Each structure stands twice: as structure tokens, then as C-alpha cells.
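Since the structure comes first, as C-alpha cells, the remarks are kept for the end.
Bear in mind these aren't lab numbers, they're just calculated from the coordinates by the rules spelled out. All values derive from a computational prediction rather than experimental measurement. When we count neighbours, we look across all protein chains shown, and the Cβ atoms used for this are built from the backbone with ideal geometry, even at glycine.
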Amino acid sequence: MRQPIASYLVIGGLLLTLSGCNTIEPAGGKAAADKPSGMASAMPTSAGPDGSLPLPADYKSWPKFLTDIPKGEAKQVRDIYINPTGARASAGQNFPNGTVMVMEIYKAKMDGDKLMTGMDGKPAKGDLAKVFVMGKEQGWGDKLPENLKNGDWAYAAYDATNKPLMEDFTKCRACHTPVAQKDFIHRYDEYFQTRSRM
Ligand code: HEC
């Protein structure tokens, strides 16, 4: 497992160099305010690294979690990947520490109000709009207030050129909290059902 860890560090370092420190400050209230700003906040800390979780360079070679998810109302199509650590989880279990999930959000090709489909029957993808990341490590949720804590999960977002986006990460948390019983993963059941058929 040396390789993936090393590439994480390289990516993290690259992002820091490319974007400077200011853009990597985590969003989100008191927990963020307790931390020193700048460089230091890009490293995972016990307060949870919202906004600074790296986008692993090799995620497209990871196991697919679910792909071609049609999101008609949002005019989007989404692909989700899970790293090999996360893919070791069995149905009924929480995902282990070290799990990372990457969700690509594509603009959909539309035919009026409807998603266009390709020859393969799958929704046709336009340009990549954003990439969302969720990851968990022991202790990342420890310093968060109870109403924001999603276990030890942390959240980050990138634009189509892999530049970090400073979203309001409390919104990610609020919308994933209702699926706490499924380890805060919306498509938990669908993933294990689909995986077991493959
Ligand atoms: C309005 C509710 C909402 C918000 C806000 C939201 N999500 Fe999600 N998220 C979902 C839903 C629903 C799914 C399941 C896939 C789908 O239907 O698009 C999902 C799926 C995901 C997944 C794939 C794992 C899973 O849960 O199935 C990741 C990773 C993710 N979101 C990250 C984020 C990040 C990062 C943010 C904030 C920048 C965020 N989400 C904000 C509702 C939300």
C-alpha cells in the first residue's frame, strides 16, 4: 500500500503549490476557526479536513461504486468511484477508515426536459462540472459539534480542472446526515446490491 499513500502526498503537495494556501482553508464554523489557517489546515487534522481532502490522481482506476446515475432535475449524470480500501466493506458494515469515494458530476445532454441517452441506453454525458470527494479517517469527526458530525467522514469539492472549490461543507454534511444508518452514504444499498450481481 506504499504507492497510493505516496501519490496522495504528491497530489496534496501539488495542489498546495498550484493554488496557494488561502484557497485551501476549510469552511465550516467553529471547528475551522480553532485551527491555524493556511498550509497546516491542508493536512488532515482531528477536526476533520473538509475542503482539503485530496483528489487522488488515480481514482479512475478504482473500483466503480455506481455509474451513469441519471439526475434529470439537476440536468446531470454522475459516476462514483470507491478506493480499494472502501471496496473491502461488506453489506451491513460501515466503510473502513481509509475509505475514499469520488463522485464525478457531469452536465447531462438534454433533449428538452429529458436526459438524452446514447446507443448503449445510458444517459449521455456532457462536460464534467465538478468532482466531490468523501473520505474517512479515525478521529476526523472528533472535534466537530454533534449537529455537524457525520461519523469520521470529511468532504471536499473540485472543479473540472482539479482546482479545490470552497463549497459550504456544512451543506454536504446536512444532506448526508439523514442517511446516518447507512454510514452517511446515500447509495449504500444500491451499491451492495449492484456489486453482488457483478
Ligand atoms: C441536497 C443534498 C446533498 C448535498 C447538499 C450533497 N450531497 Fe452528496 N449525495 C447526495 C445524494 C442524494 C447522493 C447519491 C447520488 C445521487 O443521487 O446523486 C450523494 C452522493 C455523494 C457521494 C457518493 C456516495 C454516496 O453518498 O452515495 C459523495 C462522495 C458525495 N455525495 C459528496 C458530497 C459532497 C462533497 C458534498 C458537498 C460539497 C455533497 N455531497 C453535498 C445528496 C447531497
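Computed 3J(HN,Hα) for segment 55-68, one whole-Hz value per residue from the Karplus formula 6.51 cos²θ - 1.76 cosθ + 1.60 where θ = phi - 60°, is 9, x, 5, 9, 4, 5, 8, 6, x, 7, 8, 7, 10, 6, glycine and proline marked x. Listed cross-link partners 75/136; 109/182; 60/136; 136/171 are compared with a 23 Å cut-off, the Cα-Cα value being larger for 75/136; 109/182. Counting Lys and Arg as +1 and Asp and Glu as -1 over every other residue whose Cβ lies under 15 Å from the Cβ of residue 174, the net charge comes to -1.
Computed from the C-beta positions of residue 128 and residue 194 and an R0 of 30 Å, the FRET efficiency is 0.85 to the nearest 0.05.
Evaluating 6.51 cos²θ - 1.76 cosθ + 1.60 at θ = phi - 60° for every residue in segment 81-95, the Karplus couplings come out as 10, 10, 6, x, 4, x, 5, 7, 5, 9, 3, x, 9, 6, 6 Hz, glycine and proline recorded as x. Taking amide H atoms as placed 1.01 Å from N in the peptide plane, the amide H of residue 162 has no partner under 5 Å among residues 5 or more positions away or on other chains.
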